[in-house]
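S.K.: Below are the structure tokens for one structure; questions will follow.
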Amino acid sequence: MDIAFAIFADGIIYGAWLFLVAIGLTLVFGVMKILNVAHGALYAIGAYAAATLVNSSFFGQIEGMAVLIVMLAGAVIAALLLGPFLERVLLRLFYERDEIVLLLVTFGLSLILEDLIKLIWGVYSHYVPGPYALFGDVEIGPLFYVGYDFFIVGLAVVVGLGTYLVLNRTNVGKVVQSVIHDDEISRAMGINVARVYLGAFTFGVFLATLAGAFTAPMIAITPTIGVNAIILSFAVVVIGGLGSIQGAAIGALVVGLSRASAINLWPEAELFVIYAVMSLVLLVRPEGLFGQIQQRKI
Amino acid sequence: MLRKITGQVRVGLRAVSLATIACVCAAPIANAEETFKLGLVNFLSGPAADAFGVPSMNGGELMVEALNAGEVPEPYAGMIGFGGMPIEIIKVDETGGAQVQIQRFRDLVQREEVDAIVGYDGSGDCLAVAPIADELKKVVVFSGCGTPRIFEENSYEYVFRAGSHSTMDNVALAHYVARKLPDAKTVAGFNQNYSWGQDSWRDFSLALKELRPDIETVGELFPETGAGQYGAQINVLMRLKPDVVHSSLWGGDLEAFLLQAGPRKLFDRTNVVFTMAEHVLPRLGDKVPEGLMTGGRGAVGALHPDTPLANWFYSAYEDKYDIPAVQGPFRFVQTILGLKTAVEIAMQENGGKKPTSEEIAAAFKFASFDTPSGPVEMAIGDGHQAIQGNAIGISKWNAQENRVELVDVEYFSAKCINPPNGVMSEEWIKEGFPGAECDN
């Protein structure tokens, strides 16, 4: 019973965190068809931005739940500084090129951002452990959970639902959906596609920095924290289907529960299980669980 | 800081120091126009950069500057650089994997024409570069690389390691645990899923089994390197309730584990013992849980012996970089001092000329030298692998000095925790440490 509960709880917690990291990746791909390899570096920048603000002499005085607002502000500032700049100055130049070129551009960008992190924050770890204790502990049988873990689950639900509702229930969402279906027709219908791309990419960057900012209290922040996050995010979005928010949610849960099961029952296979599940899904549905078969323009 | 050093270690230290002084004073000085071109390799980017690479390189640069200025205290006082030759350094990033390192090694030797190379922390990099060093006939002295396989499974002419390997680190920790936790009945392992983690757990669990056959292994966890999220693993450890948890985690993974395991009360329920957590103590400060047992892969950092050389290096590093020196800089510096000793012995034997790689390699075998982490002897691996003492202590926050101390420190002599020359580490442990000379 203990094991079953541990697998369920740990799987949900880890899956929620993974979804928070992966949702920006799948959104940017869905709208812009860009597999943004720099998403991991942007996640790391969000963590640094939050730590910098929370540890600053001005915001350092703030206590209690208000610290969460400071962390959110860190994510927003980082996204507003980087998102529009990267989309307008860099990515825009490559929209007419093949998707693989954009993938290579974002890979190069991830290396540049990692070096930028080192230039700004150095190579040594940064910490912001205070908020981790904000929600207390929960003791369940022999297990201890930190309340902050459940806050992350709640945050993932809010972010996921919010993004889904904006895309499916608002005028802005309808405009974005139209660009997703066909940017040329959208342009002909008077939609400012460039502005949609700018907004979608900046929001994708914000989702990355948000995930980094709220992961920061749980970890030691180093320049390479994004590497592992981006690899797992790829597994999540591939399982769920590239570009699908519902798919990312299901993919994150599948990865989270698989990993928790392996750690409890077959620890040596922790990593193997994640990619075995991914391979299995791709064998049955190559486009992912919620992905749609794409027609190729020749 | 509470430091305790055994009489035997002190006597040994003095003997080696005197021997080294004699060697240095007698060494003739090379042509003043000659320099010694030295390649320094370590992680300047990637996950190991903050834990080891950058601090190591900082320590190396500090030592080279001090050697070139003749400012290093006894037993190295008065001799500029290597045998009077100023040292010229070329820094190289170790990131990129084994194939990249092989190419960079060739570049250093063939294009940059370095006289020798020191560094490398990754076990895979060391295993890849070693045969290339022999092929190009260029001396390389490894500063890290935990794997004992380099000299146990192979034989090289130009390859040396002037620091410990994982066996020494984990055997010392097993001795400490066996003594300090007499009531322990169960143990579990929590180590990264690659050679360092697996070798460390193997050596620790085998050694503990020899020392305390009554302790039963109840779990083995091998998280991926760089995972960062350990909630599920911590819950498994909470559920298994072992009396002892062994871990050889390092860097960001170790820091994340400490930050996540503390609030989950893991340290209240079990004794978590670390092979090398010493290097994160200064940075984590008051976030380090009280009562962690840890070493630093040698008498390094806050565990350094009370000698003029060690005290000078520890202070000089903190003055220059505003953070205490930890194991990375200590290991890197002892590698440079080992090479210095070999170069000067070779010069003593060749009449004071700049020595060839062959002469340096011959002089390095079975050499002894003094370091900030105590005496080091190239005693095993047919003279290519160093042995040195190790120290283990327990973490305690000192609010007055605003730093983490290691208290209840015990020092283990090199010959207590290392196999004799020619004996495989794993067999030595399984046979009950034959030939070990333990005085405490």
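The values are calculated or read from the model by the stated rules, or taken from the named source; none is laboratory data. Owing to the predicted nature of the structure, the values given are computational and were not obtained by experimental measurement. Here Cβ is always computed from backbone atoms with ideal geometry, including for glycine, and neighbour counts include all displayed protein chains.
S.K.: Test each condition in (1) surrounded by fewer than 20 Cβ atoms within 10 Å (Cβ to Cβ); (2) away from chain B (no Cβ under 12 Å); (3) in a helix (DSSP H, G or I) for A:G24 and report the one that comes out false.
M.R.: Every condition holds for A:G24 apart from (1).
S.K.: Of all residues in segment A:126-145, count the ones that are without any contact (Cβ under 8 Å) to a residue 24 or more places away in the chain and either crowded, with 19+ Cβ neighbours inside 10 Å or not in a helix (DSSP H, G or I) (or both).
M.R.: 6
S.K.: Does B:E220 satisfy the condition of being surrounded by fewer than 23 Cβ atoms within 10 Å (Cβ to Cβ), away from chain A (no Cβ under 14 Å) and in contact with a strand residue (DSSP E or B) (Cβ under 8 Å, 6 or more places away or on another chain)?
M.R.: no
S.K.: To continue, here is another question. Going residue by residue through segment B:286-300, is there one that turns out to be at pLDDT below 95, outside any strand (DSSP E or B), crowded, with 22+ Cβ neighbours inside 10 Å and basic (K, R)?
M.R.: Yes: segment B:286-300 contains one or more residues that are at pLDDT below 95, outside any strand (DSSP E or B), crowded, with 22+ Cβ neighbours inside 10 Å and basic (K, R).
S.K.: Let me ask another. Given (1) among the aliphatic types (A, V, I, L, M); (2) under 23 Å from the mean Cα position of the chain (by Cα); (3) at pLDDT below 90, where does B:A130 come up short, assuming only one miss?
M.R.: The single condition B:A130 does not satisfy is (3).
S.K.: Search segment B:275-285 for residues being in a helix (DSSP H, G or I), crowded, with 20+ Cβ neighbours inside 10 Å and not hydrophobic (A, V, I, L, M, F, W, C), and hand back the single one that is farthest from the other protein chains (Cβ to nearest Cβ).
M.R.: It comes out as B:E278.
S.K.: All but one of (1) assigned by TED's automatic domain parsing to the domain that holds B:F105; (2) in a loop (DSSP other than H, G, I, E, B); (3) under 22 Å from B:V326 (Cβ atoms) hold for B:Q192; state the number of the condition that does not hold.
M.R.: B:Q192 satisfies all of (1) assigned by TED's automatic domain parsing to the domain that holds B:F105; (2) in a loop (DSSP other than H, G, I, E, B); (3) under 22 Å from B:V326 (Cβ atoms) except (1).
S.K.: Further question on the same structure: Quick one: in segment B:309-358, which of the residues that are touching an Asp or Glu at 6+ places or on another chain (Cβ under 8 Å) and not in a helix (DSSP H, G or I) is nearest to B:T275 (Cα to Cα)?
M.R.: Only one residue tops the list, namely B:V326.
S.K.: Give B:G124, B:G189, B:G144, B:G119 a once-over and let me know the one that is over 24 Å from B:A256 (Cβ atoms) and either touching a residue at least 60 places away in the same chain (Cβ under 8 Å) or touching a Gly at 6+ places or on another chain (Cβ under 8 Å) (or both).
M.R.: Exactly one residue qualifies, and that residue is B:G119.
S.K.: Identify, from the list A:V196, A:V273, A:V227, A:V205, the residue that is in contact with a helix residue (DSSP H, G or I) (Cβ under 9 Å, 6 or more places away or on another chain), surrounded by fewer than 22 Cβ atoms within 10 Å (Cβ to Cβ) and within 21 Å of A:G46 (Cα to Cα).
M.R.: Testing whether each residue is in contact with a helix residue (DSSP H, G or I) (Cβ under 9 Å, 6 or more places away or on another chain), surrounded by fewer than 22 Cβ atoms within 10 Å (Cβ to Cβ) and within 21 Å of A:G46 (Cα to Cα) leaves just A:V227.
S.K.: A further question on this structure: I'd like to know if segment A:137-144 contains one or more residues that are at pLDDT 90 or above and not hydroxyl-bearing (S, T, Y).
M.R.: No, that holds for no residue.
S.K.: Report, by residue number, each residue of segment B:82-109 that is assigned to a helix (DSSP H, G or I) and over 23 Å from B:K353 (Cβ atoms).
M.R.: Correct list: B:A98, B:Q99, B:V100, B:Q101, B:I102, B:Q103, B:R104, B:F105, B:R106, B:D107.
S.K.: Moving to a separate point now. Restricting to segment B:255-271, count the residues that are more than 8 Å from every other protein chain (Cβ to nearest Cβ) and either aromatic (F, W, Y) or under 21 Å from the mean Cα position of the chain (by Cα) (or both).
M.R.: Counting residues in segment B:255-271 that are more than 8 Å from every other protein chain (Cβ to nearest Cβ) and either aromatic (F, W, Y) or under 21 Å from the mean Cα position of the chain (by Cα) (or both) gives 2.
S.K.: Considering segment B:206-217 alone, what residues qualify as being away from chain A (no Cβ under 14 Å) and either outside any loop (DSSP other than H, G, I, E, B) or among the small types (G, A, S) (or both)?
M.R.: B:L206, B:A207, B:L208, B:K209, B:E210, B:L211, B:E216
S.K.: Any residue that is within 20 Å of the chain's Cα centre (by Cα), within 13 Å of another protein chain (Cβ to nearest Cβ) and buried (at least 18 other Cβ atoms within 10 Å of the Cβ) - is there at least one of those in segment A:77-97?
M.R.: no
S.K.: Okay, moving on. Tell me the residue from A:G162, A:G173 that is part of a helix (DSSP H, G or I), surrounded by fewer than 22 Cβ atoms within 10 Å (Cβ to Cβ) and at pLDDT 95 or above, please.
M.R.: Just a single option satisfies the conditions, and that option is A:G162.
S.K.: Also: Residue by residue through segment B:398-418, note down the ones that are surrounded by fewer than 17 Cβ atoms within 10 Å (Cβ to Cβ) and assigned to a loop (DSSP other than H, G, I, E, B).
M.R.: Result: B:A399, B:Q400, B:E401, B:N402.
S.K.: Tell me, which residue of segment B:419-440 that is modelled with pLDDT under 90 and among the aliphatic types (A, V, I, L, M) is surrounded by the most Cβ atoms within 10 Å (Cβ to Cβ)?
M.R.: B:A436
S.K.: If you don't mind, another one. With respect to B:E220, determine if the residue is assigned to a helix (DSSP H, G or I), farther than 20 Å from A:Y148 by Cα and in contact with a Gly (Cβ under 6 Å, 6 or more places away or on another chain).
M.R.: The answer is no for B:E220.
S.K.: Can I ask one more? Could you check A:A211 against (1) of a type in the set (A, V, I, L, M); (2) buried (at least 24 other Cβ atoms within 10 Å of the Cβ); (3) within 9 Å of chain B (Cβ to nearest Cβ) and say which number it fails?
M.R.: Result: A:A211 passes all but (3).
S.K.: Further question: Would you please name the residue that is farthest from the chain's Cα centre (by Cα), looking only at residues in segment B:230-245 that are within 8 Å of another protein chain (Cβ to nearest Cβ) and in contact (Cβ under 8 Å) with a residue 40 or more places away in the chain?
M.R.: Per the criteria, the residue is B:K241.
S.K.: Here's another thing I want to ask about it. Run down A:T202, A:T224 and say which single residue is in contact with a Pro (Cβ under 7 Å, 6 or more places away or on another chain) and modelled with pLDDT under 95.
M.R.: The unique qualifying residue is A:T224.
S.K.: Hey, another quick one. Would you mention how many residues in segment B:209-228 are more than 10 Å from B:A178 (Cβ to Cβ), under 25 Å from the mean Cα position of the chain (by Cα) and among the aliphatic types (A, V, I, L, M)?
M.R.: 2
S.K.: Turning to a different aspect of this structure: So how many residues does segment A:216-235 have that are within 14 Å of chain B (Cβ to nearest Cβ) and either under 23 Å from A:G30 (Cβ atoms) or outside any helix (DSSP H, G or I) (or both)?
M.R.: Qualifying residue count, segment A:216-235: 13.
S.K.: What do you reckon, is B:M79 within 14 Å of chain A (Cβ to nearest Cβ), over 18 Å from B:T356 (Cα atoms) and either in a helix (DSSP H, G or I) or in contact (Cβ under 8 Å) with a residue 60 or more places away in the chain (or both)?
M.R.: no
S.K.: I want to confirm something. Restricting to segment A:47-67 and keeping residues that are assigned to a helix (DSSP H, G or I) and free of Cβ contacts under 8 Å to residues at least 60 places away in the same chain, which single residue is surrounded by the fewest Cβ atoms within 10 Å (Cβ to Cβ)?
M.R.: Restricting to residues being assigned to a helix (DSSP H, G or I) and free of Cβ contacts under 8 Å to residues at least 60 places away in the same chain, the top hit is A:Q61.
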